[in-house]
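The structure appears right after this line, and notes come after that.
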Amino acid sequence: FLVLDGVLPSNEGRGYVLRRVMRRGMRHAHIMGAQDPLMYKLFPTLLGKMGEAYPELKRAGALIVQILESEEKRFKMTLDRGLKMLDEETDRLGSGEKFPGDVAFKLYDTFGFPLDLTQDALRAKNIEVDTTNFDACMAEQKARARAAWSGSGDAANEKVWFDIVDEFGASEFLGYKKDSAEGKILALVKDGVRVQELKAGEEGYIITNQTPFYGESGGQVGDNGVIHTLGEAPIKVIVQDTKKLVGKLIAHAVKCDTGGVRVGQGVQLSVDADRRAAIKANHSVTHLMHEALRRVLGDHVAQKGSLQDAQRTRFDISHPKGISREELDKVEELVNAQVKAGGVVETRLMALEDARDAGAMALFGEKYDDEVRVVSMGRTEGNRVFSIELCGGTHVKDINEIECFKIVSEGALSSGVRRLEAITGERVDAYLQNKDNEAKAEIERLSGEYARLMDELKSLDGSYDSTPSSADEYIQANKRLSKLIGDLRRSQAAESAGADEAKEIGGVKFIGKVLDGFPPKDLKPMADDLKAKLGSGVIVLVATNDGKASIVVGVTDDLTSRFSAVDLVRVGSEALGGKGGGGRPDMAQAGGPDAGAANDGVLAIEKALQG
């Protein structure tokens, strides 16, 4: 039920509480002898017992099962590591010694071992836990947590807002129909304290009896805009943000630029209408996207968080795996079809039970008033419209105000939760234009690389017949050209350093060659070719590029008992100003910062062969 309510296992907050509850059950399953994950197999029984009373269980069944199984697998690994630590610490104890309380606390805090589990495991060995030390560690942790909470100032701040609500009641929101309205300043708050005046240059909060400004809630950001005092010589105040506090109070976060304001003054409140319009479009399209995701991915999809601002909508959903590009395309197609068709967005105040009977989507476990706001939008299909949700946010009047819709990113947020970001309206045009410009720039870059490779191929007396026209074709052509050029380089370099140029050093055949501008990645394949031609001997190849050198040493298999390529390449690397190198006895590679010493690297290896 906690998972269904949007809580997911984690190491902090309510997610940590859930993880501890789950692990308590999993620990008992382990004690009973269950070797494999068990709890997820119990879900059908729960569904049979409670599914009729809570039909949401069936909808979220896939997510619940997936999280139970993955969490138990993770806990099995944790349990094994904790038991290993328990055994190691126990082996260190002398006769009659108690198990250290700080270690027992670490097992509890890090591995999720409750004290009774540690005591049970040690009881068979007749070992006691130092519970005094354990309790001290626990008390120290709680003290740190209390200090962190009290230092946040949240409790003091909440009292201010509750006092204002007790005195004046809830704020009246006018923003569903208006972007501008008059009001009266009821209270001013600065630095968490009520004041009678905010002076010029000061920042604080203004609370009015009524306002068109939307206070941040339900995922929708707060409005910006301005407040003017009424009367002669009006004072302009900038509204930087709007908050909805203690569930009832709309507080305008303001900066007094041109003068001060006082409690009791009449004011004109004006929302930034263009920003509000963009936010409304992004909020409305989130409802359409939610329904489209459920149709494409399945009924288990449920909202796990959202954020709608003027730039985009961010939407988190329950889904156990990544969403494919094909699935995202289907979601876009469904949403854009609704946007193109248009239609009035209808809002109604209804009794909560009537809203649910009408098919309105609600978050399981969310607390709703007896009367709720139901938002319906999209084409009518059978006996219901495309999307029906309970929502207190602001929305477009007609769906076609959204103009168009595009998903720009999708990824994992946490186990079983995916995050999508999408844009609407003119931002889609800008996004597509930017993508088009990026594609053109990429083709230009690839075509330049293609032309360079073709020139290089011609200089090697090679040929290639191709006329790419797209980015993918250029990528494939450039790969083939790079391989062809590499093959030609190696072939020509191998011919110039053929077996007939080998000399005898220390009783073995030796080929040493410096290759200016030769790609280091082609050195090993060339050394293999020369080893095959030479039959028996040692190959040293040095490539120089941009002032640096790369060296490869190849030793034929019959000589590896006398000479190691790794030892020889280290000698050559040292002459190049480098250190080390690695590989196998028959082939090794290293480098150095001094390309001017390339010949010295070859000579150093010659001397090593001479002994």
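The values are calculated or read from the model by the stated rules, or taken from the named source; none is laboratory data. Here the structure is a predicted model, which is why all the values come from computation and not from measurement. Neighbour counts run over all protein chains shown; Cβ positions are idealised from the backbone, glycine included. Heavy atoms of the whole protein, side chains included, go into the accessibility calculation; ligands, DNA and RNA do not. Shrake-Rupley method; radii C 1.70, N 1.55, O 1.52, S 1.80 Å.
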I need the full set of residues from the stretch 385-407 which are closer than 18 Å to L297 by Cα and within 28 Å of the chain's Cα centre (by Cα), in order please. K406, I407
Please enumerate the residues belonging to the stretch 401-431 that are surrounded by 13 or more Cβ atoms within 10 Å (Cβ to Cβ) and either assigned to a helix (DSSP H, G or I) or of a type in the set (G, A, S) (or both). E401, I402, S414, S415, G416, A422, G425, R427, V428, D429, Y431
What's the number of the condition V540 fails, among (1) touching a residue at least 24 places away in the same chain (Cβ under 8 Å); (2) surrounded by fewer than 17 Cβ atoms within 10 Å (Cβ to Cβ)? (2)
If I go through the stretch 297-349 residue by residue, how many of them are crowded, with 19+ Cβ neighbours inside 10 Å, farther than 19 Å from I423 by Cβ, of a type outside the set (K, R) and out of contact with any helix residue (DSSP H, G or I) (no Cβ under 9 Å at 6 or more places or on another chain)? 0
Close pairs from the stretch 81-94: first open to solvent by less than 40 Å² (accessible area, probe 1.4 Å), partner not in a helix (DSSP H, G or I), Cβ under 6 Å, at least 6 apart: G82/F113
Checked the stretch 57-78 for anything farther than 15 Å from H319 by Cα, open to solvent by 30 Å² or more (accessible area, probe 1.4 Å) and of a type in the set (D, E, K, R); matches are K73, R74, K76
Say whether the condition of being surrounded by 15 or more Cβ atoms within 10 Å (Cβ to Cβ), out of contact with any Ser or Thr (no Cβ under 9 Å at 6 or more places or on another chain) and basic (K, R) is met by at least one residue in the stretch 127-143. no
Being open to solvent by less than 10 Å² (accessible area, probe 1.4 Å) and at negative phi narrows it down to one of F510, F563, so name that one. F510
Any pair with Cβ under 7 angstrom, 6 or more apart, that starts in the stretch 441-470 at a residue that is over 27 Å from R490 (Cβ atoms) and ends at one that is assigned to a helix (DSSP H, G or I): E442/A471; I443/A471; I443/Y474
How many residues of the stretch 455-475 are part of a helix (DSSP H, G or I) and either open to solvent by 90 Å² or more (accessible area, probe 1.4 Å) or touching a Phe, Trp or Tyr at 6+ places or on another chain (Cβ under 7 Å) (or both)? The answer is 5
Can you give me the number of residues within the stretch 436-471 that are more than 22 Å from D487 (Cβ to Cβ) and not β-branched (V, I, T)? 14
Could you tell me whether the stretch 223-233 includes any residue that is in a loop (DSSP other than H, G, I, E, B) and open to solvent by less than 10 Å² (accessible area, probe 1.4 Å)? yes
